[in-house]
1. Using θ = phi - 60° and the Karplus curve 6.51 cos²θ - 1.76 cosθ + 1.60, what whole-Hz ³J(HN,Hα) does each residue of the range 37-49 get, with Gly and Pro shown as x?
2. Order Thr79, Thr40, most accessible first, counting only protein heavy atoms with a 1.4 angstrom probe.
3. Positive end of the charge dipole of the chain (Lys, Arg +1 and Asp, Glu -1 on Cβ, about the Cα centre): tell me which of Asn13, Ala95, Val63 has its Cα farthest that way.
4. Only four residue types carry charge here, +1 at the Cβ of Lys and Arg and -1 at the Cβ of Asp and Glu. Report the dipole size of the range 88-157 about the Cα centre in Debye, rounded to the nearest 20.
5. Let me know the Rg and Dmax you get for the chain when you use only its Cα atoms, in Å.
6. Going through the cross-link list Lys64/Lys147; Lys18/Lys144; Lys67/Lys90; Lys45/Lys114; Lys18/Lys64, which pairs have a Cα-Cα distance over 19 Å in this structure?
7. Before rounding to the nearest 500, sum -39500 (n - 2.57) across all DSSP H runs of length at least 4 in the chain and divide by the residue total; then give [θ] at 222 nm in deg cm²/dmol.
8. Under unit Cβ charges (Lys, Arg +1; Asp, Glu -1), what dipole magnitude, rounded to 20 debye, does the chain have relative to its Cα centre?
Amino acid sequence: MSSGRGAGDIQDNMYSEKVMDHFNNPRNVGEIENASGIGTVGNAKCGDIMRIYLDIDEETKIVKDCKFKTFGCGAAVATSSMATELVKGKTIYEALQVTNKAVMEALDGLPPVKVHCSLLAEEAIHAALWDYAQKNNIEIEGLKPPKADISEEPVEED
Ligand code: FES
């Protein structure tokens, strides 16, 4: 820990340029009216909440649009922004492969203490896909029911 910095200060090397870009100019913020699927997840430890909306083409099963609303930290905003970008244009089956690792890689990494923020993004996508699958009576192989709270996930925090 460097001295002379407040806990809220952003250290120059703590976040990649991509993280800062998606935090300052988040893509796909908002809601989708009559969304095909909506997923809301939270982490009780930090209190952050993320909601993802999916607009899915019934024929092709391609995610035509994806939006998010995040009440959370800067990394949660950046990861949800990147997650929506990664999911758009993919089929629901490909969207399932957008893991927190994929989101972190696309952002050129996150500090260990912020890994759980990217997990929130993965869980929110899964929850929205689950909602879509339930509404349409379909099964997406490998998709599990959403957790109400992801804080039981192993996170690297002190
Ligand atoms: Fe919890 Fe970022 S601190 S989502």
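The values are calculated or read from the model by the stated rules, or taken from the named source; none is laboratory data. These figures come from a predicted structure and were not determined experimentally. So basically every Cβ, Gly included, is an ideal-geometry build from the backbone, and we count neighbours across all protein chains shown. Just the protein is used for accessible areas: all its heavy atoms, side chains included, with ligands, DNA and RNA removed. Shrake-Rupley method; radii C 1.70, N 1.55, O 1.52, S 1.80 Å.
1. x, 10, x, 10, 9, x, 10, 5, 5, 9, x, 7, 10
2. Thr40, Thr79
3. Val63
4. Rounded to the nearest 20 debye, it is 280 debye.
5. 15.6, 58
6. Lys64/Lys147; Lys18/Lys144; Lys18/Lys64
7. Theoretical 222 nm ellipticity from helices: -10500 deg cm²/dmol.
8. 180 debye
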